[in-house]
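Where a number appears in this text, it was derived from the coordinates with a stated rule and is not lab data. Since the structure is predicted, the reported quantities are computational estimates derived from the model, not experimental observations. Glycine gets a Cβ as well: all are built from the backbone with ideal geometry, and neighbour counts include every protein chain shown.
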Amino acid sequence: MSSEKKTKKTASLLLILLLAFAVLGGGYWFFSHQGPKSSVISIDKSAGYKMMIDGKPVLVKGVCYSPVPVGKDYEYNWWGDANKPWLVDGRLMKEMGVNTIRIYRVGKNPEEVRQVIDDFYNKFGIRVLMGNYLGFWSWPPPNYADDTFKEKTRGQVLEMVKLYKDSPAVLMWVLGNENNYSFDRDLQRWSSDAIDALPPAEQKKEKARLYYSYVNSLARDIKKIDPKHPVVMNVGEVASLDIAKQNCPDIDVIGMIAYRGSGFGNLFRQVKQKFDLPVIMTEWGADSYNAQRDEPDEASQADFLKLEWQDIERNTYLKKGEMNCLGGTLFEWNDEWWKGNENLPNTWTIQDTTGHWGNASYYYDADVLGRQNMNEEWWGVVSLNPKNTMDGNNQRVPKKSYLTLKSIWTQKS
């Protein structure tokens, strides 16, 4: 046999061996460039509502996530932070039992976003509720009667879905935040000549119809691109859910924001009566500053979060409540030092102790003079220490609430 034939034969044998190695299970590294496949997320309705990931039930144990460092505000691009704060946070989250984070909006650089969400999943087993708040807190305010605004926002939403739908980190798509407050509570007002011509009572209803119909059209478009991940309509409280039911047949889950103190009262029954869909509590929690005593109060925060989680769990398929809750993402992971005076950058290096709004359901400090007992910069389950660093980031200091939820979320069933 000629040397040329021997060389070809050897090369053929080597190729056969490599293929056999791959088929028999040793070829993970050989094909690893393809990456893990995205899971199929579905909702099981057979006995209450439960979320299924690749056929297995999973309860969302999560946090709202925006790791803005001391001295910066919400415009800071933490996605591109060279210190990679999500690696520090991911380790602490995994120890706490967190399996989900909620992000309000994705970064502008797709490669940065991919690295963050894939790191959360690949390193810590944490999935992501991918959000777009549909322009609600932008300036000028959004106008859901304006076709130009709606189509621009639609493009942003669908671009997010196209870019990240194949990442195994994605859990669901979340549309909006508290956008219904624009008609339920007259925040971020918007209108049109046609709306203004209606009687006042009908104006709110028409705004609700326009907004919820728009959300439904987004849900339909998302499902054409990505049928594997449910779509969440995010709202604050329950006031207009009956109108949402009439106009949002294509959404899969209601994302619910509610701050009702140590529990949620009849909220889960209200949702079932108004719009019978599964619920993820996408914002809930308590702050860790006692406005009445004018001092940090980690104990009250921990007590309230424990009671709130027990109420969430009581209404899942595991328990005997309304059985329509899929879990929740508490507000929030870390304190945000910019929120008290967001237009005054010189205040962002001082943690503000001023009460910014009132909620009597948080009775541990509701009797403060002026009734302003909600402290915007103290909602995290970890605090930030700018005087010490962790891998270049503000040191994360777990609060009592972190340890309390850790003891619950890491229990073996």
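What length, rounded to one decimal in nm, is gained on full extension from residue 94 through to residue 111, with 0.36 nm per residue of separation minus their alpha-carbon distance?
Working: separation 17, 0.36 × 17 = 6.12 nm, distance 2.37 nm.
Full extension of this stretch gives 3.7 nm more.
When the dipole is taken about the Cα centre of the chain, and only Lys, Arg (+1) and Asp, Glu (-1) are charged at their Cβ, what size is it in debye, to the nearest 20? Walk me through the numbers on the way to the answer.
Details: 52 positive and 52 negative charges, 448 e Å.
The calculated dipole for the chain is roughly 2160 debye.
Give me the tail of P(r) for the chain as a percent: Cα-Cα pairs with distance above 30 Å.
Working: 38856 of 85078 pairs.
Counting every Cα pair in the chain, those more than 30 Å apart make up 46 percent.
Per DSSP H run of n ≥ 4, the term is -39500 (n - 2.57); total these for the chain, divide by its residue number, and report the mean residue ellipticity at 222 nm rounded to 500 deg cm²/dmol. Can you show the working numbers first?
On the way: 12 runs with 144 residues, N = 413.
Value at 222 nm, helices only, nearest 500: -11000 deg cm²/dmol.
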TODO: With r as the distance between the Cβ atoms of residue 186 and residue 320 and R0 = 60 Å, compute the FRET efficiency 1/(1 + (r/R0)^6) and round to 0.05.
DONE: 0.95
Open item on the list: Net charge around residue 57, counting only other residues with Cβ within less than 10 Å of its Cβ (Lys, Arg = +1; Asp, Glu = -1)?
Closed with: +1
Task: Dipole of the range 41-409, positive direction: furthest Cα of 134, 161, 113, with charges on the beta-carbon - done: 161
- [ ] State the extension gain, in nm to one decimal, for the chain segment bounded by residue 166 and residue 146, taking 0.36 nm per residue of separation less the distance between their alpha-carbons.
- [x] 4.0 nm
TODO: For the range 257-318, state what percent of all Cα-Cα pairs lands in each successive 5 Å bin, counting from 0 Å until the bin that includes the largest distance.
DONE: 4, 17, 25, 22, 14, 9, 6, 4, 1
Task: Flagged links, alpha-carbon separation over 30 Å, of 61/339; 37/223; 162/306; 274/306 - done: 162/306
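Fewest Cβ neighbours within 10 Å first, please rank 108, 205 accordingly.
Details: 108 10, 205 14.
Sorted ascending by nearby Cβ count, the order is 108, 205.
Counting only other residues whose beta carbon sits under 10 Å from that of residue 258, what net charge do I get with K and R as +1, D and E as -1? Write out the running numbers ahead of the final one.
On the way: positive: 260; negative: 237, 283, 308.
Once positives and negatives cancel, what remains is -2.
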Task: residue 47 versus residue 225: modelled label distance in nm, points set 7 Å from Cα along the beta carbon direction - done: 3.8
TODO: Run through all the Cα pairs of the range 273-394 and give the fraction in each 5 Å bin from 0, expressed as whole percent.
DONE: 2, 10, 17, 18, 17, 13, 11, 7, 3, 1, 0
- [ ] Output ³J(HN,Hα) for the range 335-345: one whole-Hz value per residue in order, computed from phi by the Karplus curve 6.51 cos²θ - 1.76 cosθ + 1.60 with θ = phi - 60°, and x for Gly and Pro.
- [x] 4, 10, 7, 9, 6, x, 9, 5, 9, 10, x
TODO: Among 368, 354, 281, flag the residue with its Cα farthest along the positive direction of the charge dipole of the range 276-399, charges on Cβ as +1 for Lys/Arg and -1 for Asp/Glu.
DONE: 281
Task: Phi-based couplings in Hz for the range 262-276 (Karplus 6.51, -1.76, 1.60; Gly and Pro marked x) - done: 7, x, 10, x, 9, 4, 5, 6, 4, 4, 4, 6, 8, 7, 6
- [ ] Using only Cα atoms, locate the centre of the range 139-197 and the centre of the range 354-413, then give the distance between them in Å, rounded to an integer.
- [x] 29
